[in-house]
Amino acid sequence: MEFSIKSGSPEKQRSACVVVGVFEPRKLTLAAELIDNAARSHLSDIIRRGDMEGKAGSTLLVHNVPGTLCDRVLLIGLGREKEFGDRAYCDAIRSAVRTLNETGSFDGTVFLTEIPVRKRSAAWRVRQAAIVAEQAVYRFDQFKSKKDKVRRPLRKLTFVVDRRNGLAAAEEALSQGQAIAEGIALAMNLANLPGNVCTPSHLAEAALKIAADHKIDCEILEREDMAALGMDSLLSVARGSREAPKLIVLQYKGGKSDEKPVVLVGKGVTFDSGGISLKPAPEMDEMKYDMCGAASVLGTIKAAALIKLPINLTVLVPSTENMPGGAASRPGDIVTSMSGQTIEILNTDAEGRLILCDALTYAARFDPDTVIDVATLTGACVIALGHVASGLFANNDTLARELENAGDEAYDRAWQMPLWSDYQELLKSPFADMANIGGRSGGSITAACFLARFTKKYVWAHLDIAGTAWKSGADKGATGRPVPLLMHYLLKRAGKLG
Ligand code: BES
Ligand code: MN
Ligand code: ZN
């Protein structure tokens, strides 16, 4: 979609559709009032007759509004004014964009971006509007032979901001929002691909393409390279599959040459059958999403490169399938990780930590300022936090706060969980340095505690996105999370968030 910023009066817009808001009960926003004045109370008449109460989620398309230059006016119900926060704002933009797309408007001029949102700046409103708009029209139909085409799809959106808030700041927020939206779309597209298409080799190809498009260095480590590095924990997972494992390394150098990089590590299990500890059949298809961590860090580096963020960013993606082949690990097998620590594999379905631990050991080679891994790591995290917040773990409280704040600002929230040493006890093994599982209780915490044993040399955080990376049910699909959180964290670091 094409986006632009402008300021001006709603009644003077030459546009297929002007979008304005109505609060509940029946309260016109400023822009709606301006139209109403120009239209000799046409809108207030409609509202008085009961066609638009202002309830959140309601919409009303009005044609031939006198005194205006646009083809139609779209009224968006905003809910109660005092409850108008992040969520209500994003919902309003989403329903505006969906309605515009479905009602034959080629372009729309949106005044919702002028409405104050609690705690948020005009730049925030514009950035968020661009992200939500792209997501509202997103479809994944590349495997449908008949695509249900929108007859006259929305092509161009103009966000209106008050000139006093600064048009330059709005323009910058818009390009940030567009870059984040592109990163999200990349992550969603990769994640929605089926496991027979999105293999580790496919992820490696995708990484090479991102690198070629954006002046990013890319290196793909093959099985032999990993063996030479001693990554036997990672390789033990790959042995159950016919697909070749890959360790993807991307380096974006937008910062000063002596500046230490942020390293993002994404779990790239392109299908998780559980291995010999096979998963039950129901919903097993969703384990194609076990590479959402990988998809999100690839989306993030692309977004960062798109806006030429002045930081150094390295992305590591350990990628493999987890399958029950003849060479697969057996429960009870012991492997030696790259760090030298030995691991007793009591459950082959706890494979994420087995591939991440070697990638996290490898991360130290980049002399990182900060390392953040992102993984669909545990079903237990879904039980703990549902589908709203990602699990956040960190060995450094400053980093935990920064990520929490970034998630809040991005409306892509994370909630911190403990990494106390008491939990480490649960990983004891009679035969090796540790077991790869800690029993049923506190499953997302023991998984994070396992990773913590490999991240002692640097400042580190872990995001468990098992509950947030995709949606199940009727609107099954990837969400692109936590690209928004990660990008807000990086923008803030680079001093690019107002
Ligand atoms: N990829 C899964 C985690 C997962 C499960 C994410 C369901 C989203 C939905 C991970 O590899 C896994 O299987 N974890 C096990 C760990 C257990 C064996 C200790 C789990 O959560 O059941
Ligand atoms: Mn698993
Ligand atoms: Zn997994």
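Annotations
- Screening 137, 97, 110, 126 for residues that are in contact with a Lys or Arg (Cβ under 8 Å, 6 or more places away or on another chain) and β-branched (Val, Ile, Thr) leaves exactly one candidate, 137.
- Unique match (being outside any strand (DSSP E or B) and not assigned by TED's automatic domain parsing to the domain that holds residue 18) among 129, 133, 170: 170
- Among (1) of a type outside the set (S, T, N, Q); (2) buried (at least 24 other Cβ atoms within 10 Å of the Cβ); (3) within 16 Å of ligand 3 (Cβ to nearest atom), the one test that residue 380 misses: (2)
- Residue count for the range 25-58 under the criterion of being surrounded by 18 or more Cβ atoms within 10 Å (Cβ to Cβ) and of a type in the set (Asp, Glu): the result is 1.
- Selection from the range 182-202 of residues that are hydroxyl-bearing (Ser, Thr, Tyr) and open to solvent by 30 Å² or more (accessible area, probe 1.4 Å): 201
- Test: residue in the range 148-165 that is buried (at least 21 other Cβ atoms within 10 Å of the Cβ) and part of a helix (DSSP H, G or I): no
- The residues listed here are 423, 411; of these, the one that is open to solvent by 20 Å² or more (accessible area, probe 1.4 Å), in contact with a Pro (Cβ under 8 Å, 6 or more places away or on another chain) and either hydroxyl-bearing (Ser, Thr, Tyr) or not in a helix (DSSP H, G or I) (or both) is 411.
- Test for residue 283: is it touching a helix residue (DSSP H, G or I) at 6+ places or on another chain (Cβ under 7 Å), open to solvent by 40 Å² or more (accessible area, probe 1.4 Å) and in contact (Cβ under 8 Å) with a residue 40 or more places away in the chain: no
- Cβ-Cβ under 7 Å pairs, at least 6 apart or on other chains, the range 436-454 side farther than 20 Å from residue 231 by Cα, far side part of a loop (DSSP other than H, G, I, E, B) and more than 14 Å from ligand 2 (Cβ to nearest atom): 444/417; 445/417; 445/418; 446/438
- For the range 315-336, the condition holds for no residue, the condition being that it is within 11 Å of ligand 3 (Cβ to nearest atom), over 26 Å from residue 252 (Cα atoms) and out of contact with any helix residue (DSSP H, G or I) (no Cβ under 9 Å at 6 or more places or on another chain).
- Looking across the range 428-445, just one residue is under 21 Å from residue 292 (Cα atoms) and either more than 15 Å from ligand 2 (Cβ to nearest atom) or of a type in the set (Val, Ile, Thr) (or both), and that is 445.
- Every residue from the range 350-376 that is within 8 Å of ligand 1 (Cβ to nearest atom) and either farther than 14 Å from residue 319 by Cα or at pLDDT below 95 (or both): 350
- Test: residue 277 is modelled with pLDDT of 95 or more and either away from ligand 3 (no atom under 14 Å from the Cβ) or in a strand (DSSP E or B) (or both): no
- The number of residues in the range 353-377 that are open to solvent by 10 Å² or more (accessible area, probe 1.4 Å), outside any loop (DSSP other than H, G, I, E, B) and within 16 Å of ligand 2 (Cβ to nearest atom) comes to 1.
- Subset of the range 383-408 [open to solvent by less than 50 Å² (accessible area, probe 1.4 Å) and of a type in the set (A, V, I, L, M)]: 385, 389, 392, 394, 399, 400, 403, 406
- When restricted to residues that are at negative phi and in contact (Cβ under 8 Å) with a residue 40 or more places away in the chain, the range 214-234 contains 8.
The values are calculated or read from the model by the stated rules, or taken from the named source; none is laboratory data. Computed from a prediction, not measured in an experiment: that's the story for all the values here. Reconstructed Cβ throughout: ideal geometry from the backbone, glycine too, with neighbour counts over all protein chains shown. Accessible surface areas use protein heavy atoms only, side chains included; no ligands, DNA or RNA. Shrake-Rupley method; radii C 1.70, N 1.55, O 1.52, S 1.80 Å.
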